[in-house]
């Protein structure tokens with residue numbers, strides 16, 4: 001791999017993790033590779049629409065990161081709960097969702 005190609009990969013990874021990256025760019029990055037999709041799935045600023053799409057990924061690791069994302073909507077979490085119960089309970093948004101059901 002050339003130094004330039006390596007720099008491009010690092011830049012894409014940084015963009016995928018950056019909370020200020022636009023929704024359109026995050027969507028494009030998530031489509032590039034499983035590696036980038038996983039990083040986007042962890043991004044706490046990833047839009048709900050992207051998280052919904054990534055929750056249906058064939059890649060287990062991507063879906064796992066969606067389960068841990070605090071922006072993941074409850075219905076998405078609920079759909080993934082049976083697949084990853086140990087991760088589901090660690091989503092920081094669950095406390096908020098549970099407060100609505102009191």
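The values are calculated or read from the model by the stated rules, or taken from the named source; none is laboratory data. Predicted model only: the values in this text are computed from it and were never measured. In this analysis, Cβ positions are derived from the backbone assuming ideal geometry, glycine residues included, and neighbour counts consider all displayed protein chains.
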Quick one: count up the residues across region 48-70 that are part of a loop (DSSP other than H, G, I, E, B) and either out of contact with any helix residue (DSSP H, G or I) (no Cβ under 7 Å at 6 or more places or on another chain) or surrounded by fewer than 16 Cβ atoms within 10 Å (Cβ to Cβ) (or both).
4
Scan region 18-39 and tell me whether some residue there is under 18 Å from residue 77 (Cα atoms), modelled with pLDDT of 95 or more and not in a helix (DSSP H, G or I).
no
Quick one: what pairs do we get from region 21-36, first residue at positive phi and in contact (Cβ under 8 Å) with a residue 60 or more places away in the chain, second assigned to a helix (DSSP H, G or I) and surrounded by 15 or more Cβ atoms within 10 Å (Cβ to Cβ), C-beta under 9 Å, 6+ apart or different chains?
none
So residue 46 passes all but one of these: (1) more than 22 Å from residue 11 (Cβ to Cβ); (2) modelled with pLDDT of 95 or more. Which condition number does it fail?
(1)
